[in-house]
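Here's the structure we're looking at; comments come further down.
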Amino acid sequence: MRIKAIFFLIGLTLLFSCNRKGSYVTNDGQVYGTFYHIVYQSPGSKDLHTGIKEKFDEYTMSFSTFEKESVISKINNNEPVIPDSYFVNCFIRAEEISEITDGAFDITVAPMVNAWGFGFKNKENISDELIDSLKSITGFRKVRHMNGYIVKDNPNTMLDMSAIAKGYTCDLIGDFLAEKGCDNYMVEIGGEVVARGVNAKGQVWSIGITEPIDDNLFGSSELNAIVRLPDKALATSGNYRNFYIEDGVKYAHTIDPKTGYPVQHSLLSATVMADDCATADAFATAFMVMGLEKGIELSKQIPEIEVYFIYADESGKNQVYYSKKFKRILTN
C-alpha cells in the first residue's frame, strides 16, 4: 500500500506540474516565402501566435529582399539606413562564418544568385564576361559594419542573408517563447529548427532529415534519418528542390562565390547541428559550396558543430557521412 501511495503522489505531482505549465500550442503559417511550424508549451495554455506574427513582421523588415522598405533592400539600393540590432547581429555572425569558411559562405553572393535565376531579380543570360563582372563586386571583405552603418566598397555590391536569416529567426522566436515562460518548444522555419526541452509526450524532440530526391515542385516526405534534438539547433541545405534543367544540364541554387557558377559535386545535402540555428544554417550552406571532402575536413576543425552529409557515390547511390557525436542523436 505504501508503494502505491508513493506512485499516486508522484502522479499527482506530475499532473499538477503539467497543468501549471499549460498545454502545448501549435502555430503554422508563412514567412520569408516559406512555411513555419511552431509548437510550444505555453503557461496558462495561452496562444502566442499574434505576438509571433508581430515578431515575424519586424524581422521581415530587416531581412526580406522582397520588401522595398526593409533594411537589406535599402542597403542594396544604396539608400541611407541605420540597420537595427537584428540585422547587425546577424551580419556580424555571417562575417565570422565567412572568415572560418574562407568565403564559402558569403552574403554578397546576391548578384550571382540573381543572375542564375534563384534570387530576387530575373535570370540573366550567363556569359564569362557577366560572371567576371559579378565576381568583381562579390566578396564578404568588400562590405563591413562601421560607425553604425553597413559600408560597401562598391555600390553595386548586394546582400542576400537568406542562408542565415531563417536560422537566426528561429533563434529569435525561441528567445521570444522563452521570455513568455515557455520552457518546452520547437521552432521550424523552412527546414531550420530550434528545439528546447521536451514535446507533449515528455520526450526529446525528434526531427527528420529528408532523403535528397530531386523534386522542385513537391517536397519529398521520405526520410533518410530521424534525430533527437536535445536543446540544440539543426539546419539542412541541399540542391534537390531548388534547381532547374536547361539544355539537359541541372543548375542548382547553391552558387560558389569564388567561381560564380552553381556547384557541381557529389554532396547532396548537408545537415549541421549547433547551439544556435544561425550558425547551423550558415555552415550548412558553406558545406554545400565546399563539397564532401573539404566539408568533412573543415567540420572536424569546428568543435561547436556536428554534421550529417548525404552524398552520391561513384555508382550514383546515396551514402552517408556523419561526425562521431552526431551518431549519438540518431534514432534506430
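The values are calculated or read from the model by the stated rules, or taken from the named source; none is laboratory data. From a predicted model like this one, the values you see are computed outputs, not experimental measurements. Positions of Cβ are generated from backbone atoms using ideal geometry, with glycine treated the same way; all protein chains shown enter the neighbour counts.
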Exercise. State which residue is modelled with the lowest pLDDT when the search covers only segment 243-260 and only residues that are touching a strand residue (DSSP E or B) at 6+ places or on another chain (Cβ under 7 Å) and not basic (Lys, Arg).
Key: 244
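State yes or no: is residue 82 closer than 22 Å to residue 282 by Cβ and β-branched (Val, Ile, Thr)? It would help to see each step written out before you state the result.
Working: closer than 22 Å to residue 282 by Cβ: no; β-branched (Val, Ile, Thr): yes.
No; evaluated as a whole, the condition is false for this residue.
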Quiz item: Restricting to strands (runs of 3 or more DSSP E) lying wholly in segment 145-213: which have 1 or more residues that are within 19 Å of residue 29 (Cβ to Cβ), among the acidic types (Asp, Glu) and at pLDDT 95 or above?
Solution: 185-189, 192-196
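Taking only segment 121-142 into account, find how many residues are closer than 22 Å to residue 284 by Cα and surrounded by 17 or more Cβ atoms within 10 Å (Cβ to Cβ).
Let us first name the residues in segment 121-142 that are closer than 22 Å to residue 284 by Cα, namely 138-141.
Narrowing further to those that are surrounded by 17 or more Cβ atoms within 10 Å (Cβ to Cβ): 138-140.
Going through segment 121-142 one residue at a time, the tally reaches 3.
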Practice problem: Might you let me know whether segment 143-155 holds any residue that is in the same structural domain as residue 73 (by TED's automatic domain parsing) and either more than 28 Å from residue 72 (Cβ to Cβ) or touching a Ser or Thr at 6+ places or on another chain (Cβ under 7 Å) (or both)? | Solution: yes
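Being at pLDDT 90 or above and closer than 21 Å to residue 140 by Cα narrows it down to one residue among 325, 294; which is it? Give the derivation first.
Values: 325 fails: closer than 21 Å to residue 140 by Cα.
Step by step, each of 325, 294 is checked, and only 294 is at pLDDT 90 or above and closer than 21 Å to residue 140 by Cα.
Of the residues 34, 50, which single one is farther than 22 Å from residue 85 by Cβ, free of Cβ contacts under 8 Å to residues at least 12 places away in the same chain and out of contact with any His (no Cβ under 6 Å at 6 or more places or on another chain)?
Values: 34 fails: free of Cβ contacts under 8 Å to residues at least 12 places away in the same chain.
Just one listed residue meets the conditions, 50.
Within segment 30-48, how many residues turn out to be of a type outside the set (S, T, N, Q) and part of a helix (DSSP H, G or I)? Even if it seems obvious, please write down each step before you answer.
Within segment 30-48, the first condition is being of a type outside the set (S, T, N, Q), and the residues that meet it are 31-33, 35-40, 43-44, 46-48.
Still in the running and part of a helix (DSSP H, G or I): 43-44.
Going through segment 30-48 one residue at a time, the tally reaches 2.
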Quiz item: Which of the residues that make up segment 262-297 are out of contact with any helix residue (DSSP H, G or I) (no Cβ under 9 Å at 6 or more places or on another chain) and assigned to a loop (DSSP other than H, G, I, E, B)?
Solution: 264, 275, 291
Quiz item: Is it the case that segment 158-165 has a residue that's on the phi < 0 side of the Ramachandran plot, among the charged types (D, E, K, R), touching a helix residue (DSSP H, G or I) at 6+ places or on another chain (Cβ under 8 Å) and surrounded by fewer than 15 Cβ atoms within 10 Å (Cβ to Cβ)?
Solution: no
Quiz item: How do the pairs read when you match residues in segment 256-270 that are more than 14 Å from residue 288 (Cβ to Cβ) and not assigned by TED's automatic domain parsing to the domain that holds residue 103 with residues anywhere that are crowded, with 18+ Cβ neighbours inside 10 Å and modelled with pLDDT under 90, using Cβ under 6 Å and keeping only pairs 6 or more apart or on different chains?
Solution: 260/112
Practice problem: May I ask you to list the residues in segment 90-120 that are of a type outside the set (Ser, Thr, Tyr), at pLDDT 95 or above, crowded, with 16+ Cβ neighbours inside 10 Å and closer than 17 Å to residue 150 by Cα? | Solution: 90, 91, 93, 94, 95, 106, 107
Quiz item: Any residue in segment 298-320 that is assigned to a helix (DSSP H, G or I) and surrounded by fewer than 20 Cβ atoms within 10 Å (Cβ to Cβ)?
Solution: yes
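Tell me which helices (runs of 4 or more DSSP H) are completely within segment 49-105 and hold 1 or more residues being among the aromatic types (Phe, Trp, Tyr), or say none if there are none.
On the way: elements: 49-63, 71-76, 85-100.
Answer list for segment 49-105: 49-63, 85-100.
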Quiz item: Within segment 63-80, is there a residue that is within 17 Å of the chain's Cα centre (by Cα), surrounded by fewer than 19 Cβ atoms within 10 Å (Cβ to Cβ) and in contact (Cβ under 8 Å) with a residue 12 or more places away in the chain?
Solution: no
